[in-house]
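**Student:** Got a structure for you, written out below as structure tokens; questions coming shortly.
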Amino acid sequence: MSNGKIISQEPIIELKHIDKHFGSLHVLKDINLTVHKGEVVVIIGPSGSGKSTLCRTINRLETIDSGEIVIDGSVMPKEGKKLAELRSQIGMVFQSFNLFAHKTILDNVTIAPRDVLKKSKREAEEEAMQLLKRVGVDSQAGKVPAQLSGGQQQRVAIARSLAMHPKAILFDEPTSALDPEMIGEVLDVMTELARDGMTMVIVTHEMNFARRVADRVIFMDGGSILEEAAPEEFFAAPKTQRARDFLNSLGDRESRS
Amino acid sequence: MNGAHASIRDVLYDAPGPKAKRRIAFVTVISLLALAALLAAIVRRFYVTGQLDPKYWSIFLRYTTWRFIGRGLLGTLQVAAASSVLAFAAGMLLMMARVCRYRVLNAIATFIIELSRGIPTLLFIYFFFLLAPQFGLQLPSFWRITLPVSISAMGVTAEALRSGVNAVPRGQTEAAVSLGMRSASVFFKIVFPQGFRYVIPTLISEMVIVFKDTTYAYVVNYADLMQNAKVLISNYDALLAVYLVVAVIYIVINYLINKLAATVERRTRAAVAAAK
């Protein structure tokens with residue numbers, strides 16, 4: 001593997017024969033994907049390829065027509081208590097941060113541990129402060145999200161996920177809504193998480209980051225997984241024409257800017 | 001003029017130049033003269049008809065007059081407060097029934113909301129005052145005014161709350177759900193508190209309407225401000241004086257409610273802006 005990291009064979013996330021339609025549009029076509037403990041999987045592909053939908057499918061923010069989602073050995077049901085419980089084990093970081101607008105930064109991080117894990121206020125707040133410190137926004141704990149920059153908000157969102165001690169975290173284009181000068185600070189936090197052994201599924205357009213952090217790159221187009229490879233292998237010699245076209249188009253864009 | 005206080009005027013017009021300034025001065029003078037003339041005509045009319053006679057106004061020098069007005073005001077405030085609370089509670093239930101996942105409840109709530117919004121308050125009052133007693137429902141006059149006013153306001157309240165809840169971005173729910181929160185927690189801890197903040201100004205405007213609707217109390221012989229004013233008028237024949245004083249009291253209270261709305265809106269705007 002790319003980082004010389006040893007990844008266990010213990011599956012955390014298993015997607016089996018996932019199919020999904022938006023009306024007549026077939027957005028996910030027979031998706032099979034297993035993410036192992038400690039593994040960092042980066043999903044790339046052109047817009048409309050289904051990569052965000054796939055990411056949101058993992059914790060059932062998107063419904064599926066058929067197939068099975070297994071989280072650490074448990075099949076994810078369609079509804080109810082068990083679904084909520086499995087969701088709580090998988091963190092999610094969104095493109096638009098989605099911090100709770102009416103709550104302070106500290107409360108954003110403590111609300112789920114208190115509501116779902118029934119932790120005491122004190123215990124939750126102590127841990128939240130440690131997590132906020134880890135992502136470098138502990139000095140903002142008393143503010144509301146609107147008072148923070150986008151980069152700070154996204155780092156709070158990561159701390160909010162970590163507070164639930166998730167078995168894996170899903171990142172749905174976490175830097176796409178950020179001003180360019182703030183992308184680095186968020187990617188730094190994510191790189192550190194990866195180094196600490198967090199299991200991560202990341203949908204991103206940041207190719208350099210993907211190259212550096214991914215254990216495995218998934219290339220999607222038209223609702224299917226077309227390629228699956230170690231990053232050095234994928235970026236040096238993509239096997240499909242569509243992956244080559246995609247990487248070339250990115251190269252053009254980068255050289256133009 | 002800075003961004004925070006930019007009004008519609010600043011958007012529509014350029015800053016006035018010398019010519020515009022002269023025109024503004026001219027319009028100001030003319031308007032003030034016209035207003036003065038109108039007031040003078042009104043006062044003259046009252047003078048001619050004898051409404052300005054001291055005998056009509058001297059009643060306000062007596063403590064008992066003010067005590068009587070005060071009691072009426074207290075009655076008005078009690079009805080207004082009880083109606084606001086009831087309308088909010090019923091509106092909340094109707095809103096939840098309207099947005100819940102059960103189609104049957106959605107339909108029932110929609111029907112009740114439409115009745116509440118579509119029927120004039122006075123008809124609800126006649127229902128409780130004239131019709132209900134025939135079926136053996138004898139209510140004290142306080143409830144004969146409070147219930148109809150509440151029922152009339154609950155539909156609008158439910159719709160205001162619903163529009164607030166609907167305006168909360170979907171991402172807020174998704175974030176809460178992905179943390180493992182159950183739907184009741186998501187609604188009461190995340191969605192509703194934000195939606196409620198969006199519509200506080202609307203709800204307070206609705207309170208003004210409730211407050212004004214309480215003047216129907218005279219229909220059911222409940223001693224509110226308006227009813228007591230009528231008693232004063234029939235005793236002293238002081239039509240203008242009493243209505244003027246009562247109008248001022250209504251204006252002051254509604255002004256205070258609106259002021260409260262503006263303050264609350266300003267305070268919550270920052271928090272609301274973040275949800276985008």
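Values quoted throughout were computed directly from the atomic coordinates according to the rules given, and no laboratory measurement underlies them. Everything numeric in this text was worked out from a predicted model, so none of it was measured. Here Cβ is always computed from backbone atoms with ideal geometry, including for glycine, and neighbour counts include all displayed protein chains.
**Student:** Can you pull the one-decimal nm distance between simple spin-label points at A:L250 and A:K82, each 7 Å off the Cα toward Cβ?
**Tutor:** 3.8 nm
**Student:** Per DSSP H run of n ≥ 4, the term is -39500 (n - 2.57); total these for chain A, divide by its residue number, and report the mean residue ellipticity at 222 nm rounded to 500 deg cm²/dmol.
**Tutor:** So the helix-based figure for chain A works out to -12000 deg cm²/dmol.
**Student:** Given H placed 1.01 Å from N in the peptide plane, which residues other than close sequence neighbours of A:M76 have an amide H under 5 Å from its amide H?
**Tutor:** A:I69, A:V70, A:I71
**Student:** Which of B:F135, B:F127, B:F211 moves most in a GNM of chain B, Cα contacts under 10 Å?
**Tutor:** B:F135
**Student:** Okay, next question. Could you give each residue of segment B:25-35 its phi-based ³J(HN,Hα) in whole Hz, using Karplus coefficients 6.51, -1.76, 1.60 with θ = phi - 60°, and x for Gly or Pro?
**Tutor:** Once rounded to whole Hz, the list reads 4, 4, 4, 4, 4, 4, 4, 5, 4, 4, 4.
**Student:** From the phi angles alone, apply the Karplus equation (6.51, -1.76, 1.60; θ = phi - 60°) to segment B:83-89 and give each ³J(HN,Hα) in whole Hz, x where the residue is Gly or Pro.
**Tutor:** Per residue, the Karplus-derived 3J(HN,Hα) values read 5, 4, 5, 5, 4, 5, 4 Hz.
**Student:** Now for a separate question. To make sure I understand, if each residue's beta carbon is the centre and we count other beta carbons within 10 Å, what order do B:S185, B:S150, B:S234, A:S47 fall in, fewest to most?
**Tutor:** A:S47, B:S234, B:S185, B:S150
**Student:** Can you give the FRET efficiency to the nearest 0.05 for B:A247 and A:S8, using r as the Cβ-Cβ distance and R₀ = 51 Å?
**Tutor:** About 0.05, to the nearest 0.05.
**Student:** For segment B:12-71, state which chymotrypsin sites (Phe, Trp or Tyr not before Pro) are in a DSSP loop and have at most 10 other beta carbons lying within 10 Å of their beta carbon.
**Tutor:** Of the chymotrypsin sites (Phe, Trp or Tyr not before Pro), the ones in loops of segment B:12-71 whose Cβ has at most 10 other Cβ atoms within 10 Å are B:Y13.
**Student:** On to the next question. Mind checking segment A:67-132 for GluC sites (Glu not before Pro) that DSSP puts in a loop (not H, G, I, E or B) and that have at most 15 other Cβ atoms within 10 Å?
**Tutor:** In loop regions of segment A:67-132 (DSSP not H, G, I, E or B), the sparsely surrounded GluC sites (Glu not before Pro) are A:E79.
**Student:** Charges at C-beta only: +1 for Lys and Arg, -1 for Asp and Glu. How large is the resulting dipole of segment A:163-257 about its Cα centre, in Debye rounded to 20?
**Tutor:** 300 debye
**Student:** Something else now. Using the alpha-carbon centroid of each, what span in Å lies between segment B:7-39 and segment A:92-134?
**Tutor:** 54 Å
**Student:** With the cut-off at 27 Å, tell me which of the pairs A:K82/A:K121; A:K81/A:K143; A:K51/A:K167 have Cα atoms farther apart than that.
**Tutor:** A:K81/A:K143
**Student:** Pull up all non-local amide H partners of A:M92: gap of 5 or more, or a different chain, and H-to-H distance under 5 Å with H placed in the peptide plane.
**Tutor:** So A:M92 has HN proximity to A:L170.
**Student:** So, one more: Need the C-alpha centroid separation for segment A:34-56 versus segment B:207-234, integer Å.
**Tutor:** That distance is 66 Å.
**Student:** For A:K78, list the aspartates and glutamates whose Cα falls under 17 Å from its own Cα; do not include residues on the same chain fewer than 8 positions away.
**Tutor:** The qualifying aspartates and glutamates are A:E14, A:D19, A:E62, A:D65, A:E68, B:E174.
**Student:** Check A:I43: other-chain or 5+ apart residues with amide H under 5 Å from its amide H, H built from backbone geometry?
**Tutor:** So A:I43 has HN proximity to A:I202, A:V203, A:T204, A:I218.
**Student:** Let me ask another. Taking the simple approach of a point 7 Å from Cα along Cα-to-Cβ for both B:L39 and B:L131, what is their distance in nm?
**Tutor:** The answer from the label model is 4.8 nm.
**Student:** On a 0 to 90° scale, report how tilted helix A:150-162 is relative to the longest principal axis of chain A, with both axes built from alpha carbons and the result rounded to the nearest 10.
**Tutor:** So the helix axis and the longest Cα principal axis differ by about 80 degrees.
**Student:** Work out the charge dipole of chain B with +1 on the Cβ of Lys and Arg and -1 on the Cβ of Asp and Glu about the Cα centre, then indicate which of B:N221, B:A34, B:V248 is farthest towards its positive end.
**Tutor:** Most positive-ward Cα: B:A34.
**Student:** Below 13 Å, Cα to Cα, which aspartates and glutamates can B:K55 reach? Residues fewer than 8 away in the same chain don't count.
**Tutor:** Straight-line reach from B:K55, under 13 Å: B:D237.
**Student:** Please identify, among B:S152, B:S58, B:S178, the residue showing maximal mean-square fluctuation in a Gaussian network model of chain B using a 10 angstrom Cα cutoff.
**Tutor:** B:S178
**Student:** Sorted from fewest to most neighbouring beta carbons within 10 Å, what does the list A:K167, A:K133 look like?
**Tutor:** A:K133, A:K167
**Student:** What's the exposure ranking of B:D14, A:D245, going from fewest to most Cβ atoms within 10 Å?
**Tutor:** Fewest to most other Cβ atoms nearby, the residues stand as B:D14, A:D245.
**Student:** What nm distance separates the two modelled labels at A:D196 and A:R212, each placed 7 Å from Cα along Cα→Cβ?
**Tutor:** Using points 7 Å along Cα→Cβ, the separation is 1.8 nm.
**Student:** Pick out, in residue order, every one of the trypsin sites (Lys or Arg not before Pro) in segment A:1-99 that is DSSP loop and has at most 12 other C-beta atoms within 10 Å; say none if there are none.
**Tutor:** Loop-located and lightly packed - A:K78.
**Student:** Next up: Give, rounded to the nearest 20 debye, the magnitude of the charge dipole that chain B has about its Cα centre when Lys and Arg contribute +1 at Cβ and Asp and Glu contribute -1 at Cβ.
**Tutor:** Roughly 640 debye for chain B.
**Student:** How large is the charge dipole for the protein assembly as shown, taken about the Cα centre, if only the Cβ atoms of Lys, Arg (+1) and Asp, Glu (-1) carry charge, to the nearest 20 debye?
**Tutor:** Using Cβ point charges on Lys, Arg, Asp and Glu, the protein assembly as shown gives about 2280 debye.
**Student:** Calculate one ³J(HN,Hα) per residue across segment A:84-98 by plugging θ = phi - 60° into the Karplus curve 6.51 cos²θ - 1.76 cosθ + 1.60, and present them in order as whole Hz with x for glycine and proline.
**Tutor:** With coefficients 6.51, -1.76 and 1.60, one gets 4, 5, 5, 4, 5, 8, 10, x, 9, 10, 9, 4, 9, 6, 6 Hz.
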